[in-house]
Structures are given as C-alpha cells and as structure tokens.
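Following: one structure in structure tokens, then a few remarks.
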Amino acid sequence: MNLNTHDSDMLAMRHAMVASQLRTNAVSDPRVVAAMDSVPREAFLPSAVAALAYRDTAVPLGHGRAQNVPIATGRLLTQAELLPTDRVLLIGAAGGYTAAVLAELVASVVAVECDPALAAHARAALAGTANVTLVEGPLENGHAAGAPYDVLVIDGAVEGVSDALVEQVAIGGRAVAGIVDRGVTRLAAGRRSAGGFGLLAFADIECVPLPGFAQPRTFTF
C-alpha cells in the first residue's frame, strides 16, 4: 500500500490514538479497538478540523456541535457488548464516524442526525456503506419505522432519554449513552425490560452534549 505523507501521518496518529487513548482506558473489546483502528476518523470531519481528528478532546463541528471524544465513543461501544447480528439505533451521527465504526461490528445501523450540514457530510462520507441508513431529523425522535432495535447508542451526553427512544428498543435490548448529571457528564449503560428502562453510570468521562434532550427546569428561590 502506497501512502502519501499526509495519509501516512494520519495513519500513525490513528494507531497512536488506539495505543494511548483507547487501550489504556478500558476500551477492551478487541472488535471495537480494531474497528476504531481501521476507520479514518478524519474522513468524517469538516476539512478545516480534520487535522484534529486524533486528539483526546472533542472536535468542534460548528453550530454548537462537536465530535465526541474518542475515549467516550470507545467506552460506550465497548459497554454495549455489540454482537454481529445486532440492529443498532445511533443517535447523534454527526459526520458519520461512529456509524462507520458500528458498520464494522453489527448487522445494520440506523444513524439519526438533526443538523442538515452534518447529515449531508455523513451521507457523503458513508456512501457505499451498505449496512448504514442515515436519517435526518430530531435526535430525540429516533426512527420508529426501523424499530425495534437491539441496541441504542447515544453518542453524546443528554439530560434524559426520551420515551420515544426507549420505546424503539427491543425488550431485553441494550442502551448506552452519555448523561448530564448536575453539570458533570458520565457514561451510562442499561437495558429495557418488560417492566421499565434505566441507565447506570459506569465512568466519569467528558462527553459532548447533544441537542433536543433538555429536561424541564424546576423553579427555585
């Protein structure tokens, strides 16, 4: 394989991300590690910020949005215990990176993005990825037409998971998400049972906020 200097540099940075950010921070599923080592993260970012693809911080995407931190995405996908047969609902597709990683790991992905510019970028970047369907619309609504899903992945932090999303997860299905808890972001995981749905935090890690999930504020004196 012949790589130009730019591609070679990006490949080296991707391998360094895996070695220093993922493997040292409990991203322990070898399939997740391999997928994140093979998918070129820079291809799913606007060209102006592509050089920041492998930093261990959120990457600004414009309009108040950011690409999630690699550690956060890796930990969420590891905790989801993904199976090759899974049908996944991804909320917060951004430029398509996490959808591309998931496409290497599961049977099918429905990726929802609310920002038209990001959705257009994702659609172009994911062209030819047959097992990903990109849906443009409110994140909190998900995509009921494709339900039920085996796994719900919210690749960002939300104040609460909407009832609409919970109802799209199969009974016994898994869910992972970033949550905002009193101003701190945490990663959480859970399942939907016949009796209800809940998430339990498992790590305090920076996670980018997603729009559409703000909870009503109570009045205080």
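The values are calculated or read from the model by the stated rules, or taken from the named source; none is laboratory data. Because the structure is a prediction, the values reported are computed rather than measured. Reconstructed Cβ throughout: ideal geometry from the backbone, glycine too, with neighbour counts over all protein chains shown. SASA here: full protein model, heavy atoms, side chains in, ligands and nucleic acids out. Shrake-Rupley method; radii C 1.70, N 1.55, O 1.52, S 1.80 Å.
Here are the numbers for this structure:
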{"read-out": "Cα gyration tensor shape for region 1-131, rounded if a/c is under 1.5, else prolate or oblate", "value": "rounded"}
{"read-out": "Relative contact order for the chain, counting Cα pairs under 8 Å that sit 6 or more residues apart, in percent", "value": "16"}
{"read-out": "Stretch gain in nm, segment Ala19-Ala124, where the contour uses 0.36 nm per residue and the Cα spacing is subtracted", "value": "34.9 nm"}
{"read-out": "Residue-averaged [θ]222 nm for the chain, counting only DSSP H segments that reach four residues, each worth -39500 (n - 2.57)", "value": "-7000 deg cm²/dmol"}
{"read-out": "Region 134-202: GluC sites (Glu not before Pro) falling in loop per DSSP and having at most 16 other Cβ within 10 Å", "value": "Glu159"}
{"read-out": "Gyration tensor (alpha-carbon) shape descriptor, region 9-86, a/c threshold 1.5", "value": "prolate"}
{"read-out": "Anisotropy class of region 132-197 from Cα gyration tensor, a/c 1.5 cut", "value": "oblate"}
{"read-out": "Dipole magnitude of region 140-195 about its Cα centre (Cβ charges: Lys, Arg +1; Asp, Glu -1), debye to nearest 20", "value": "220"}
{"read-out": "Loop trypsin sites (Lys or Arg not before Pro), region 168-210, which have at most 12 other Cβ atoms in a 10 Å radius of their Cβ (DSSP)", "value": "Arg182"}
{"read-out": "Sulfur and carbon atoms: percent of accessible area, region 96-158 [1.4 Å]", "value": "54"}
{"read-out": "Selection of chymotrypsin sites (Phe, Trp or Tyr not before Pro), region 144-219, meeting DSSP coil and at most 14 other Cβ within 10 Å", "value": "Phe219"}
{"read-out": "Lys, Arg +1 and Asp, Glu -1 on Cβ, resulting dipole of the chain about Cα centre, debye, nearest 20", "value": "220"}
{"read-out": "GNM result for the chain, Cα springs below 10 Å: residue of Asp150, Asp86, Asp181 fluctuating most strongly", "value": "Asp181"}
